[in-house]
Amino acid sequence: MFFRSLRGIFSNDLSIDLGTANTLIYARDQGIVLNEPSVVAIRHERKGGGKTVVAVGEEAKLMLGRTPQSITAIRPLKDGVIADFTITEKMLQYFIHKVHASRLIRPSPRVLICVPCGSTQVERRAIKESAAGAGAREVFLIEEPMSAAIGAGLAVHEPRGCMVIDIGGGTSEVAIISLNGIVYSASIRVGGDTFDDSIINYVRRNYGTLIGEATAERIKHSIGSAFPGNEVLEIEVRGRNLAEGIPRSFTLNSNEILEALQEPLAAIVGSVKMALEQTPPELGSDVAERGIVLTGGGSLLRDFDRLIEEETGLPVVVAEDPLTCVARGGGKALEMLDARGIDLFTTE
Amino acid sequence: MTNQTQATDPNDQNVVEFGDSPGRRLRVQRQSRGLAVERIAAQLHLKPEIVEALEQDRFDLLPDPVFITGYLRNYARMLGLDPLPLIAAYQAHAGTPKSIEPTRPIPGADLDSGGTRFLVRLVSLALAAAVIAVIALWWHDRPEVSPELSPAATELGPDATALALDARSIDGSASAVAEETPDTATGPVDRSDRDRVAIPESRESPIPDAAEPGSEPGSEQARAAVASPTSETGSHTASSAVETAPPGPSETPSARTTTPAPSPGATPAPAQIPTDPVVAAAVPAPTPEQAQAQAAEKGIVLEFTGPSWLEVRDAAGQRIIAGEMKAGDRREVTGQAPLRFTVGRVNNSSMTVDGKPFDLEGRSRGNVARFSLDPESPE
């Protein structure tokens with residue numbers, strides 16, 4: 001314990017957005033220092049020799065779906081929470097080492113981790129313990145919408161309601177925040193991954209062709225949209241034809257993808273409407289006057305703000321650099337870590 | 001607004017120059033398309049005032065920067081403008097966003113214990129005052145004990161007690177003893193040594209015998225001395241002395257002092273030895289004449305059947321006797337009343353006042369008795 005605190009002098013405080021799709025690390029006074037996919041590639045040694053980590057992050061993501069028998073590329077987080085404890089710990093350890101400046105002294109930082117507001121006590125403890133296992137001296141937790149609101153630049157300390165929608169890889173969070181606290185929050189297990197799955201299912205159903213997750217993600221990034229636009233975009237993709245068993249090439253357009261995404265989009269819109277229904281009237285009027293803030297990678301889906309705007313009739317704005325909002329917000333909260341009267345953090 | 005925009009003709013609204021404020025660019029674009037503010041506001045789901053404030057660059061009327069950037073982006077997209085230069089221009093205008101402040105409680109305004117805290121503080125203060133008062137009272141009423149004769153010392157063996165006694169107290173006690181028995185035959189004994197004073201006084205029967213003739217005039221004086229106090233307390237003491245005599249001549253020294261009067265001096269002493277083993281050591285010591293003389297002086301006698309210690313102070317606080325006692329020691333106490341006694345090892349000590357046994361056990365705590373006594377009013 002003593003050595004940990006001693007090593008802590010040489011370690012910078014970190015804010016980690018441990019996301020299903022991407023892990024971002026914000027170092028105090030340095031900004032975002034790491035943005036890598038939450039993917040770990042594991043090699044199974046022959047003759048029961050155990051497992052070794054082959055690659056983490058970007059490198060491992062390239063292996064996703066392209067691995068031989070001896071290697072497995074794993075996404076250790078699912079729906080915003082830990083699915084594989086040990087591998088998450090290894091991944092965090094790798095990332096913390098990667099952003100640690102000194103090679104001589106083992107890192108022992110204070111770490112602030114963002115957790116989905118819908119996560120259970122067990123899931124939160126798992127996150128806390130895996131961070132501690134990865135070498136963190138102290139672990140604090142903050143709920144993702146709160147962190148996202150701070151990162152977006154909302155004045156969360158004011159007695160004014162602000163509504164944040166954070167669409168992550170595994171979960172979407174909707175929250176009403178006022179006076180540094182969450183008034184209402186809801187978390188649904190719909191996010192960027194669900195969009196990918198919907199695209200995969202759509203293509204299989206309508207084209208009889210199987211595409212991989214990486215291809216689905218590429219389609220989403222290129223032509224995915226949430227609201228019918230003026231122009232129709234197209235993309236050529238290749239997948240395995242289920243009937244022939246041979247890889248075939250075909251073309252998809254943005255309207256098809258819009259159709260494919262209807263189900264998860266409707267789920268998100270439904271949760272937003274539910275949140276507005278549950279919001280106390282004063283805060284609701286604040287939200288109506290100023291608008292809803294969209295954060296998270298999911299809000300980069302074309303015209304997602306238009307969709308929410310049309311569905312709710314309220315102004316919707318997308319935060320600046322929505323992908324890093326949560327990590328940046330955590331970083332701002334980290335700077336207030338030593339301030340008295342902290343009520344931003346959550347307990348297990 | 002920048003200097004460049006001020007330089008341009010404000011009436012020429014269709015000219016958009018580089019470096020124009022974002023609001024002006026949006027207004028120019030909207031007017032060129034012939035759109036009303038209300039229509040824009042309806043499409044953006046904003047109030048017309050907000051759109052006007054955006055066009056007039058009145059950012060102070062608008063909410064947080066995140067909203068302003070968002071409004072600008074949405075407005076620009078609606079008009080078919082590239083939002084990025086507008087946002088960049090706005091950000092050049094705008095200052096740093098407000099930092100988030102933690103909601104701190106007002107100091108001293110804790111709702112949980114606000115009312116009760118004062119009460120608790122008051123009660124604890126009162127309790128503390130009460131405790132201090134009790135300690136002060138106890139300290140004040142406590143009989144004075146010389147530091148050498150602390151109760152702790154009494155728990156140790158007699159040797160330790162002896163070590164604790166300083167030379168001064170030994171001298172004092174020795175001199176006190178010497179003063180008490182000036183007319184006994186122990187005169188030639190070295191008075192600086194207390195033991196040597198004590199031992200011949202109590203143990204050696206020849207000495208009292210030898211003192212017998214010498215004590216005759218002393219007893220006369222003693223009787224005279226007794227007469228003077230009894231003139232006040234009356235015949236009560238005299239009669240009580242007489243009354244106590246018949247049932248147990250061996251019980252008290254006062255009884256012994258009365259019994260020799262009719263009988264010759266040396267005879268009662270050996271007779272008393274077997275009758276009272278407790279005071280056996282002390283019994284042979286005082287001859288009736290000597291005891292009579294001492295009792296006549298003041299009437300407070302302390303006898304010791306084992307190692308003990310004794311301190312007596314008079315009304316002025318002057319130490320009359322202080323020192324270690326051994327088995328068989330006997331002390332008569334005279335001094336200005338009220339006298340303050342500290343008797344260690346009560347189980348080895350006994351005391352009589354005017355011949356009446358005095359209850360030491362009842363006044364002892366932890367085998368040490370501390371009490372004040374005025375012999376003229378014994379109870």
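Worth pointing out:
- Tabulated pairs, region A:124-139, first part of a helix (DSSP H, G or I), second among the aromatic types (F, W, Y), C-beta under 8 angstrom, 6+ apart or interchain: A:A126/A:F85; A:E129/A:F85; A:S130/A:F85
- Tally, over region A:303-330, of residues that are over 16 Å from the mean Cα position of the chain (by Cα), in a helix (DSSP H, G or I) and more than 8 Å from every other protein chain (Cβ to nearest Cβ): 7
- In region B:66-84, the residue that is farthest from A:V293 (Cα to Cα) out of those that are assigned to a helix (DSSP H, G or I) and touching a residue at least 40 places away in the same chain (Cβ under 8 Å) is B:L79.
- A:G161 in contact (Cβ under 8 Å) with a residue 12 or more places away in the chain, within 30 Å of B:Q91 (Cβ to Cβ), within 14 Å of chain B (Cβ to nearest Cβ) and out of contact with any Pro (no Cβ under 7 Å at 6 or more places or on another chain): yes
- Exactly one residue out of A:R46, A:R75, A:R28 is at pLDDT below 90 and closer than 24 Å to A:R124 by Cβ, and it is A:R28.
- Qualifying residue in region A:67-85 (condition: touching a helix residue (DSSP H, G or I) at 6+ places or on another chain (Cβ under 6 Å), under 28 Å from A:I165 (Cβ atoms) and among the small types (G, A, S)): no
- Residues being more than 22 Å from A:N255 (Cβ to Cβ), small (G, A, S) and touching an Asp or Glu at 6+ places or on another chain (Cβ under 6 Å) - total across region A:164-223: 3
- Residues that are part of a loop (DSSP other than H, G, I, E, B) and either basic (K, R) or more than 8 Å from chain B (Cβ to nearest Cβ) (or both) within region A:271-302 comprise A:T279, A:P280, A:G296, A:L301, listed in sequence order.
- Within region A:144-155, residues that are away from chain B (no Cβ under 11 Å) sit with their Cβ atoms under 8 Å from residues that are part of a loop (DSSP other than H, G, I, E, B) and of a type in the set (V, I, T), at 6+ positions apart or across chains, in these pairs: A:E144/A:T171.
- Hey, A:S5 at pLDDT below 90 and part of a loop (DSSP other than H, G, I, E, B) or not: no
Results for (1) in contact with a strand residue (DSSP E or B) (Cβ under 6 Å, 6 or more places away or on another chain); (2) at pLDDT 80 or above, shown as yes or no for each residue.
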site	(1), (2)
B:S263	no, no
B:S308	yes, yes
B:V333	yes, yes
B:L339	yes, yes
B:V343	yes, yes
B:N347	no, yes
B:N367	no, yes
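Conditions tested, residue by residue: (1) surrounded by fewer than 21 Cβ atoms within 10 Å (Cβ to Cβ); (2) in contact with a Gly (Cβ under 9 Å, 6 or more places away or on another chain); (3) aliphatic (A, V, I, L, M).
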residue: A:F250; (1), (2), (3): yes, yes, no
residue: A:N253; (1), (2), (3): yes, no, no
residue: A:E259; (1), (2), (3): yes, no, no
residue: A:P264; (1), (2), (3): no, yes, no
residue: A:G270; (1), (2), (3): yes, no, no
residue: A:A275; (1), (2), (3): no, no, yes
residue: A:P280; (1), (2), (3): yes, yes, no
residue: A:S285; (1), (2), (3): yes, yes, no
residue: A:G291; (1), (2), (3): no, yes, no
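The values are calculated or read from the model by the stated rules, or taken from the named source; none is laboratory data. Just so you know, these numbers come straight off a predicted model, no measurement behind them. Positions of Cβ are backbone-derived with ideal geometry, glycine not excepted, and every protein chain shown enters the neighbour counts.
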